[in-house]
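Scroll down for the structure; my scribbles are underneath it.
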Amino acid sequence: MLSVLLTSGIANGLLYGLIALGVVVLSKAANAVNFSQGDLMAVGGFVSYSVISAAGLGPAAAIVAVLVVSVVAGVASFLILRPLMKTEHVMSLLIATIGLSFLVKGLIRLIWGGQGDYLAVPPLVQGPPLILFGGNVIIPLQYLVMMAGAAVIILLFAAFFRFTRLGLFMRSVADNPRAAQIVGIPTQLVLCSAMVLSITVTAIAGFLLAPATLIFPDMGFALFLKGFAAAIIGGINSLPGAIVGGILLGVCEVMVSGYVSSSAQELSAFVLIFVALIFFPRGIFGARKTRSV
């Protein structure tokens, strides 16, 4: 039981970490939080359902469709929110993203109609669970797929920020937006890219999660809160912290559910935030701000 719980917790935690990555990227580049990210994660799940279940195509076609839809949604979100992406409009931007969240939920119900509640997506791969150490460790295959997919996305994410020109631009804008603009970095392109990247990584999390659960239009907001919690635990401006916070949250949830009570599972996330912020006010990997004199 312990092995299954740990595997489940790590798999869920990596998905929370992907959502947290989206939160951190947008927070670093635009000093903003997009409350519609969770609903766009649900879009990733519903697109997977349409491609795999309705159209009868494979996971490869589904991930391509998810990427295309997420890029379009990211650009559209940026164009809608662009007038508010300024320091003096922080509260207006926050309210606008909440409104965008309701808009996305409405579009999900409009597109998928009355069948938009509790749909099942087939497993991405078929096969028996992985059994190790003479049966002492049992890992369901779907959890392995979720962990492998999330790990690949995290590695690509790290490589993007380290080795690509756009990734370096994002880091520059995040460190000092005014200086980046002065030296000629296209800040609007960077902000649009940050929006697209945050939504894309969140939609991929929806693609990976869909086969392991039932999807429904309102699933996104609760998952976004957990991803946001993971970002806070790890440090709202730390990319590694997003992953660590997600894994801690996922493992904590399944352990409480398995050994205490399933009804206390949701509560455990907020208790973990409370405890983490007492000892790490800026998050586990949060850096102190310093000013040179």
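The values are calculated or read from the model by the stated rules, or taken from the named source; none is laboratory data. If you're wondering where the values come from, they're calculated on a predicted model, not measured in any experiment. Here the Cβ positions follow ideal geometry from the backbone for every residue, glycine too, while neighbour counts run over all protein chains shown. The accessibility values were calculated without ligands, DNA or RNA, using every heavy atom of the protein model including side chains. Shrake-Rupley method; radii C 1.70, N 1.55, O 1.52, S 1.80 Å.
Some observations on this one:
- For residue 167: the one exception among (1) free of Cβ contacts under 8 Å to residues at least 40 places away in the same chain; (2) within 22 Å of residue 74 (Cα to Cα); (3) open to solvent by 20 Å² or more (accessible area, probe 1.4 Å): (3)
- Within the stretch 170-193, being over 20 Å from residue 78 (Cα atoms) and of a type in the set (S, T, N, Q) holds for one residue alone: 176.
- Enumeration of residues in the stretch 170-182 that are closer than 16 Å to residue 24 by Cα and either at pLDDT 85 or above or open to solvent by 80 Å² or more (accessible area, probe 1.4 Å) (or both): 171, 175
- Considering the stretch 1-97, there are no qualifying helices (runs of 4 or more DSSP H) wholly inside with 2 or more residues that are over 21 Å from residue 235 (Cβ atoms), β-branched (Val, Ile, Thr) and in contact with a His (Cβ under 7 Å, 6 or more places away or on another chain).
- Count of the stretch 10-41 residues which are under 19 Å from residue 273 (Cβ atoms) and surrounded by 24 or more Cβ atoms within 10 Å (Cβ to Cβ): 15
- Index of the failed condition, residue 227 passing every other in (1) at pLDDT below 85; (2) under 17 Å from the mean Cα position of the chain (by Cα); (3) under 24 Å from residue 3 (Cα atoms): (1)
- Members of the stretch 150-204 found to be among the small types (Gly, Ala, Ser) and closer than 16 Å to residue 32 by Cβ, listed by number: 174, 193, 194, 198
- Scanning the stretch 114-148 for residues that are of a type in the set (Phe, Trp, Tyr) and either modelled with pLDDT of 85 or more or surrounded by fewer than 13 Cβ atoms within 10 Å (Cβ to Cβ) (or both) gives 118, 133.
- Some residue of the stretch 149-158 being under 23 Å from residue 75 (Cβ atoms), more than 19 Å from the chain's Cα centre (by Cα) and either outside any helix (DSSP H, G or I) or at pLDDT 80 or above (or both): no
- Matching option when the condition is surrounded by 18 or more Cβ atoms within 10 Å (Cβ to Cβ), in contact with a Phe, Trp or Tyr (Cβ under 7 Å, 6 or more places away or on another chain) and modelled with pLDDT of 85 or more, among 51, 66: 66
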